[in-house]
Number of protein chains: 2
Amino acid sequence: MADRASELHTTVAKRLGRLDQRYTRNRRALVDVLRAAAGPLTIDDILGRDDDLALSSAYRNLAVLAEVGVVHRVSTGDDHTRYELAEMLTGHHHHHLVCDSCGSVSDFTLTEELEQVLQQALDRVAAGADFRTDHHRLDLVGTCDACR
Amino acid sequence: MADRASELHTTVAKRLGRLDQRYTRNRRALVDVLRAAAGPLTIDDILGRDDDLALSSAYRNLAVLAEVGVVHRVSTGDDHTRYELAEMLTGHHHHHLVCDSCGSVSDFTLTEELEQVLQQALDRVAAGADFRTDHHRLDLVGTCDACR
DNA sequence: ATTTATGCAAATCGTTTGCAAACCT
DNA sequence: AGGTTTGCAAACGATTTGCATAAAT
């Protein structure tokens with residue numbers, strides 16, 4: 001656990017360094033908060049989990065972390081953009097259950113097999129439209145357990 | 001074509017009436033603009049296609065139309081929410097190609113077969129999470145033909 | 001020592017809302 | 001007439017930015 005965390009920090013530091021960015025205490029704190037989360041978090045979620053984080057710096061650092069590919073922005077439809085660690089770092093391709101009622105978001109996965117079939121179909125679509133795909137996004141939108 | 005348009009207007013009128021809402025000229029104009037579009041439109045897109053539409057009324061009417069299930073909000077990640085006719089009205093289940101670079105959004109479809117396999121898998125996920133699904137959302141995010 | 005990050009306060013911008021006039025039935 | 005919709009202008013709220021200070025290398 002400590003091992004994984006320090007490995008993660010090493011990777012993040014490397015990625016930041018590649019773009020001449022420093023791995024400061026605040027940035028480390030953001031990564032720690034996101035790492036501990038069960039799904040993508042809003043800014044308020046994030047600030048609520050570490051009292052030392054300032055709003056504007058959090059936004060700025062999340063932007064930097066997103067730019068170097070460490071953090072991924074998640075737009076669900078309500079205001080409040082959410083943030084999660086990039087799949088490249090977690091090694092965990094996943095999707096989201098988005099609750100229309102309370103706005104909560106949690107993760108789920110499909111079988112590797114279905115994911116591959118899907119990927120092939122999407123590759124075909126992209127090729128046909130001369131579209132260069134960065135990633136796909138698959139969400140379920142509805143009402144969560146707590147809200148029904 | 002005129003037939004389809006008037007059929008559409010009839011359906012919309014019915015749905016509005018069900019919630020004691022009137023089908024005014026502005027609302028008709030919005031439906032016409034969305035009907036003619038090749039993908040979901042931003043407010044600016046919409047206002048640009050009909051000079052008589054006022055900003056605040058457009059927002060309000062889109063909200064009403066969304067509430068009665070005629071219009072669907074599409075959040076792509078940049079600011080600028082987009083709007084499209086609900087699939088229930090177009091009878092055309094589709095997905096989106098989202099360009100990270102210029103923000104454009106266009107539609108695509110999967111085969112009926114894959115769509116069904118996917119639906120089954122998603123139903124299983126939802127059942128396992130006690131999640132009541134309203135709809136799913138599958139997008140390709142990347143760079144469009146014009147931007148590459 | 002020099003460059004970069006921080007955090008407060010102010011600015012920005014998409015969207016929403018108050019309200020008086022115009023509209024529909 | 002009675003209630004709804006409209007559209008301007010003002011308000012709102014999430015996010016961004018200016019700037020002087022603190023931190024990192």
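Just so it is clear, none of the values below were taken in a lab; they were calculated from the coordinates. Just so it is clear, the structure is predicted and the values come from calculations on it, not from any experiment. Ideal geometry is used to build each Cβ from the backbone, glycine not excepted, and the neighbour counts take in all protein chains shown.
A simple charge model with +1 on the Cβ of Lys and Arg, -1 on the Cβ of Asp and Glu and nothing else charged puts the dipole of chain B at about 620 debye relative to its Cα centre. Sorted shortest first, the separations between the B:Leu114 label point and its copies elsewhere in the assembly read 1.5 nm; each point sits 7 Å from Cα along the Cα-to-Cβ line.
The mean count of C-beta atoms from other chains within 10 Å of the C-beta of residues in A:122-132, rounded to a whole number, is 5. Counts of other chain beta carbons within 10 angstrom of each beta carbon in peptide B:65-77 average 1. Does the range B:1-71 classify as rounded, prolate or oblate by the C-alpha gyration tensor (a ≥ b ≥ c root eigenvalues; a/c under 1.5 gives rounded; else a/b over b/c gives prolate, otherwise oblate)? Verdict is oblate for the range B:1-71.
Fewest neighbouring Cβ atoms within 10 Å first, the residues B:Tyr59, A:Tyr83 line up as B:Tyr59, A:Tyr83. With a ≥ b ≥ c the root eigenvalues of the C-alpha gyration tensor of the protein assembly as shown, is it rounded (a/c under 1.5), prolate (a/b larger than b/c) or oblate? Prolate, since a/c reaches 1.5 and a/b exceeds b/c.
Using a 7 Å projection from Cα along Cα-to-Cβ, the label point at B:Gly69 is separated from the same position in the remaining copies by 4.5 nm, smallest value first.
Pairs of Cα atoms nearer than 8 Å and 6+ residues apart set the relative contact order; for the range A:44-148 it is 21 percent.
Assuming charge only on the beta carbon of Lys and Arg (+1) and of Asp and Glu (-1), the dipole of the protein assembly as shown about its Cα centre is about 540 debye to the nearest 20. Which of B:Val71, B:Val125, B:Val12 moves the most in a Gaussian network model of chain B with Cα springs under 10 Å? Result for chain B, Cα springs under 10 Å: B:Val125 fluctuates most. Taking a ≥ b ≥ c as the square roots of the Cα gyration tensor eigenvalues, chain B comes out oblate, since a/c reaches at least 1.5 and a/b does not exceed b/c. For B:Glu7, the label point sits 7 Å beyond Cα toward Cβ; its separations from the matching points on the remaining copies run 5.8 nm, from shortest to longest. Taking other C-beta atoms within 10 angstrom as a stand-in for reagent exposure, B:Leu65, B:Leu118 fall in the order B:Leu118, B:Leu65, fewest first. The range B:70-146 and the range A:8-42 have Cα centres separated by 30 Å. For the range A:1-59, the dipole from Cβ point charges (+1 on Lys and Arg, -1 on Asp and Glu) about the Cα centre works out to 360 debye, to the nearest 20.
Using a 10 Å cut-off around each Cβ of peptide A:100-108, what is the average number of partner chain Cβ atoms that fall inside?
The per-residue average across the peptide is 1.
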